[in-house]
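Reading through the structure tokens given below for one structure.
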Amino acid sequence: MLGGGGLIAVNTYASAGEGWGQSQNQTLGAGAAASTIKCPEVANGLSEVPDAARPEVDKELAAMDSQITEAYQRFAEQKEKVAQDPKFAENAVLGPLEDKRTASLDRISTAIGRAGDRPEGLESMAACELQQDDADNGGQDGGGQGDGQDQGQENGGQGQDGGQDGGDQGNGNGGQAGNGPEQSDFVDIQSVQPNVDNPPDQQNASQGTFATECGVNENGKFNPDNVIVAPGVANGAHHMHDYVGNQANDAFASDDDLANGQTTCVDQGDKSTYYWPVLRLQNGQQENDANADGGGKDRNVGEIQTPSQVTLNFVGSPVSKVTAMPRFLRIITGDAKAFVNGDANANASWSCTGFEDRQLKDKYPICPEGSQVVRSFKFQSCWDGQNTDSANHRTHVAFAQANGACPNGFQAIPQLVQRIVYDVPAPVFDGADPSVFAVDSFPEQLHKPVTDHGDFINVFDENLMEELVGCINEGRECGPGDAGAPPADGGNGGNGGNGGDDGNGGDGNNGGDGGDGGNGGDGGDGGNGDNPDDPAPPNDGATGGQDAPDEPQNPGGDNPPADGGEGGQDAPGAPGGDDKPGAAAGAGQEGAGQEGSGAGDEGSGDQNAPGGGGEVKEPEVLAGSSAGSNGSGQAGTGNGKPAAQATKDAGENAPEPNGDTRPVAAGQGGSLAETGAQLWPSAAGAVLLVAGVLLLRSRRPQRAAARRR
């Protein structure tokens, strides 16, 4: 709670731990041309807000953002008059804005005062001023993209007829929305010297890496909300966000909504939400949000670019082990208002593939041919050990110090390192078809690269978070779904099918160890032959799973009885990751052409296998289907089907020797044995009958002894 009069920490920032030098932005001086509006960041001035007051405070802070957006719109529309008469800006723009901010600050103070001590001094943050952009050279540097489609609007923006004009070159804010970016916001990456310097690992470093894979927002989830800084407020960001991971995220999402939401992450235990401002190509083409909040209404125009790659890695500390993040921990890295706030909280980096030892903070990169644009975020890696959020959404977490250690009172947590890659063309600043890329921003932030930022809410389930921490602390590299865990055992081999006539098939041996999959189910017993008068000797059932060797196929019918194979194949992991019983029906094959009638048993293996997210797809050839002509029941592979269906599939999907899967009658054996039975002459059958009787008499004592063992 606020105590002792509720001190206001004006202009207090959480350091990003990287020296950027002084901000190049300047407050408007005599004779200078104004580019935007600068207001004190009230959220950074609130050191603490009681929980009971936080919803109302957040709502008022979001309202103040809207007030600035509206004032900037008036400023942009009257920019020539502002340049000619500074008093006009005070009367038409800054004065009304200050009045609205004063009222909001009073409501914030009242809300806090109801739950604690009323803060003092907030009213000092009401006044705003005009600010000059050093890069604003009246459009003479080519940054202004004038001569747009709609010359009717003087300073750019979205025309009433839907045209996206470039604005008045003489006023030169640039960009096809009239408010940036400028040509001076770009630099050739090849002219930048390598500047990445990471602290060396020490003895107790946690050197592992845990990767989670959540896609590139290929399903197109966008909104201009920000549930962290403006919960319950639609269009609280005034720019569009890309979302991966949790799909329940909007301004009104509660922790319960996030916990129950769907996720695009491969590992379904990661329901975290990862979001950032979209990147647009300002090429004169409209996006679907050209006339919507967060889009054209907030001067964010152009085609939204889908990343070509997104990597989300959690890494350790160079000086210590890490501890688990608390569930629903919220972290914002970077500052969406860094252009006017200063760069104390700015933390995004821009680069190009092949040049990532060169990171830019306040410039967009111009990449050479064949290289792609890269945005990188290294989130705060130190936590205060108590809070999942704070009044300004920053002070509950911190960046590590230059030596890699956390500040006093903070403990190391896994650090999210986010990398977003785009295949976008190099910018063109002049000519008939100017085109640049730019990150979405608040309108008054002029699409500056320094305003880039990322947001994260931890919704890992507890078990997966424990695996993540263990992976990092033990120095392992873990991919999606496996968390570096040791491989699970493979499935047990199926019981061999009972042979034709009155011969019993052999029992199956246990399958071999599995790889990443769950435990496979036990194979079912094969069928008994249904023709006791058949003179053919019985074929022993296969003793194991899919490794059972096939006997040579001779049309003359002189194959010896086939023993089952040894251990089954490793049970493959199911792509979906849902827990389902693994079915494995070891349907028996014909004993010398007779129909097998046995049904398979349900498999017992859990399907906790890693795999891709989304829909669970069955393998093309189902587990427990016939293995060929020698009655070899397969090991269960945990395909998630109940025993009855697996039994049916075992008969219907028996593969032909050429690898094709063709339907056969349920319960039948392989079609090769059927074909062989039709070709055998009766004389061969008589010979086989004699051989079979002798063999049966010799093998029955062996089986009986084996069963007694």
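For this structure, a couple of remarks:
- Taken over region 301-321, the criterion of being buried (at least 24 other Cβ atoms within 10 Å of the Cβ) and in contact with a helix residue (DSSP H, G or I) (Cβ under 8 Å, 6 or more places away or on another chain) is satisfied by PHE314, GLY316.
- Applying the set (1) of a type outside the set (Phe, Trp, Tyr); (2) touching a helix residue (DSSP H, G or I) at 6+ places or on another chain (Cβ under 6 Å); (3) part of a helix (DSSP H, G or I) to VAL49 leaves exactly one unmet item: (3).
- Near pairs, Cβ below 7 angstrom, 6+ apart or cross-chain, from region 48-60 (touching a residue at least 40 places away in the same chain (Cβ under 8 Å)) to any residue that is open to solvent by 70 Å² or more (accessible area, probe 1.4 Å): GLU48/MET1; PRO50/MET1; ALA53/ARG114; GLU60/ARG107
- A search for C-beta distances below 7 Å between a residue of region 418-430 that is of a type outside the set (A, V, I, L, M) and any residue that is in a loop (DSSP other than H, G, I, E, B), counting only pairs 6+ apart in sequence or on different chains, returns TYR422/PRO307; TYR422/SER308; TYR422/GLN372; ASP423/SER308; ASP423/GLN372; PHE429/GLY142; PHE429/GLY143; ASP430/GLY142.
- Inside region 290-333, residues that are within 23 Å of ALA251 (Cα to Cα), of a type in the set (Asp, Glu) and not in a loop (DSSP other than H, G, I, E, B) make up a count of 1.
- One residue alone among THR264, THR273 is of a type in the set (Val, Ile, Thr) and open to solvent by less than 10 Å² (accessible area, probe 1.4 Å), and that residue is THR273.
- Some residue of region 334-351 being part of a loop (DSSP other than H, G, I, E, B), free of Cβ contacts under 8 Å to residues at least 40 places away in the same chain and open to solvent by 10 Å² or more (accessible area, probe 1.4 Å): no
- Residue check for GLN401: part of a loop (DSSP other than H, G, I, E, B), modelled with pLDDT of 95 or more and not charged (D, E, K, R): yes
- The set of residues in region 85-100 being within 12 Å of ALA126 (Cβ to Cβ) and touching a Leu at 6+ places or on another chain (Cβ under 9 Å) consists of LEU94 alone.
- For region 189-228, filtering for residues that are open to solvent by 20 Å² or more (accessible area, probe 1.4 Å) and within 21 Å of SER308 (Cα to Cα) leaves 9.
The values are calculated or read from the model by the stated rules, or taken from the named source; none is laboratory data. Quantities reported herein were computed from a predicted structural model and do not represent experimental measurements. Note that we place each Cβ from the backbone using ideal geometry, even for glycine, and neighbour counts take in every protein chain shown. Side chains included, ligands, DNA and RNA excluded: accessible areas come from the protein's heavy atoms. Shrake-Rupley method; radii C 1.70, N 1.55, O 1.52, S 1.80 Å.
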